[in-house]
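The values are calculated or read from the model by the stated rules, or taken from the named source; none is laboratory data. This structure is a prediction, so every number in the text was calculated from the model and none was measured. Cβ atoms come from the backbone with ideal geometry, glycine included; neighbour counts cover every protein chain shown.
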């Protein structure tokens, strides 16, 4: 994404832009409809591999032609390409938030400043380790960890490569040395991955993601860029069909690997990266049939703009979702609107910065200023002074201290996560005590206390876990703040293996993503249709709320053992929520737990 300039005109291969387009489209689709493309986040791996490929190709070319590596020139060239569009986007978005969505300034200053110095990934890792999540507001700069990571690679890899070249003279030996480094990096990922709590470090650390870039480096050593200009001779029967294999496998992995699944970090991501490397080696050459797929004009156009699209996709999605929420149209219409906005701002940024039109604009502005007229002074004040004042105000308002609401909620979620984890202990004793719960009849209380029940969900379940344990003292719970239906299979299998998938199962999903009817039905069958299953309607403020609740209603009509707990309708117009509708207040948590108990009792008391 950031290395397209490395393809000098005489070595330009348009199919690389096609591969970039697949990367950026996968990322955007994942963030809009993650349930449609669970592995779309792996689009970043495509960028990392291409970064490693073009970096190493450039370093090797300099070493062979000039006998040295121009480190300063190498770094400044990349800094110039990244810095201006990045800074402009950061400033414009920060000013917009200050003026129009002021509530989103919470904790934004750290993300803003860390992005400016290309340390956003480590800033997010530090926050994750100290458990300071943004529970009530999303961060429009969260995606910039990749930009920081890429720049760190641009800074480190030329130095390491130059050092290796001093001692390693043989091409094959250099290849082996890079493979050893890549293996060490992947080994660190394996060692560091401890489930959901370690995801931030594993996905954003310079050291655990290094192997993706190094796979690209190895690919450059095996098949340097100039070989794409040479004639290709077929050596194997059915070679054109063989070249389709890595392409097909790449798309299979994009549609199957999930961001929250163990297999992704225990070999799945490595397999995907090796597959992308195979695509470069086997399928991109302009003289082979599969290369036509990647030279498809719309793909190459998108690929050339991948940096600009990447800078803008998350600010557009986050700000749009926060502003529009559940207004009106279906999630498909909202998705199309967001996509159009991404394409628009991305195109503007591409024309202004990557086409370097900002130089013409700057000259015109300077011409007006040099006139020293009243109009020139107004232009200077409007373009330079006013934005800086607004930016300064926003930076001052954006405190790193959690609001009282968010501090309370953060502590509650942290405490409830421990409660949830404790319910999964295999050696715990069954409690026979019956708590006196205000709001429940004696019959409802006894029924709930004796119920064999399992709750599975996302942050909406975490927010009420403490209340549920009072009503259901023997309940088993499984919940995380990142849970989605598309990741449910591993959770179900885990609970089954521990004999903790009880006769009554309550599912609470929809805060993080929508899902299809087919995906939900598949997981219900995995749970077992002999069980009584309850689906809790979501109250999320996201644009997909109605889609999720409609899927619940449709599935419950189809299966007699599946029931809907319509918490969304019951809680409508009630003051039981924080600003983010995924989280209930203390009063709301109590009301929701009572609602569950009454409705489950009402549904099952005759069974």
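For the reader, a short list of remarks on this structure follows.
- Some residue of region 13-28 being at pLDDT below 90, more than 19 Å from residue 150 (Cα to Cα) and under 31 Å from the mean Cα position of the chain (by Cα): yes
- Any hit, region 275-296, residues being free of Cβ contacts under 8 Å to residues at least 12 places away in the same chain, closer than 24 Å to residue 230 by Cβ and surrounded by fewer than 16 Cβ atoms within 10 Å (Cβ to Cβ): yes
- Test result for residue 598, assigned by TED's automatic domain parsing to the domain that holds residue 505 and either in contact with a helix residue (DSSP H, G or I) (Cβ under 9 Å, 6 or more places away or on another chain) or buried (at least 23 other Cβ atoms within 10 Å of the Cβ) (or both): yes
- When we screen 104, 64, 55 for residues that are more than 30 Å from residue 411 (Cβ to Cβ) and in contact (Cβ under 8 Å) with a residue 12 or more places away in the chain, the only hit is 55.
- Residue under evaluation residue 207, criteria (1) more than 23 Å from residue 154 (Cβ to Cβ); (2) in the same structural domain as residue 53 (by TED's automatic domain parsing); (3) surrounded by fewer than 18 Cβ atoms within 10 Å (Cβ to Cβ), criterion not met: (1)
- Members of region 301-323 that are surrounded by fewer than 19 Cβ atoms within 10 Å (Cβ to Cβ) and closer than 18 Å to residue 21 by Cα: 301, 304
- Residue in region 197-214 that is under 19 Å from the mean Cα position of the chain (by Cα), more than 18 Å from residue 148 (Cβ to Cβ) and not in a helix (DSSP H, G or I) present: no
- Subset of region 228-250 [surrounded by fewer than 15 Cβ atoms within 10 Å (Cβ to Cβ) and at pLDDT 95 or above]: 248
- When residue 551 is tested against (1) within 28 Å of the chain's Cα centre (by Cα); (2) at pLDDT below 95; (3) assigned to a helix (DSSP H, G or I), just one condition goes unmet, and that condition is (2).
- Taking residues in region 162-188 that are within 18 Å of residue 219 (Cβ to Cβ) and in the same structural domain as residue 75 (by TED's automatic domain parsing), and partners anywhere that are at pLDDT 85 or above and outside any helix (DSSP H, G or I), the pairs with Cβ atoms closer than 9 Å and at least 6 places apart or on different chains are 185/207; 185/208; 185/209; 186/208.
- Extreme residue, modelled with the lowest pLDDT, among residues of region 567-582 that are crowded, with 17+ Cβ neighbours inside 10 Å and out of contact with any strand residue (DSSP E or B) (no Cβ under 7 Å at 6 or more places or on another chain): 580
- Any hit, region 261-270, residues being within 25 Å of the chain's Cα centre (by Cα) and more than 30 Å from residue 488 (Cα to Cα): no
- Check on residue 183, touching a helix residue (DSSP H, G or I) at 6+ places or on another chain (Cβ under 8 Å), at pLDDT 90 or above and not in a helix (DSSP H, G or I): no
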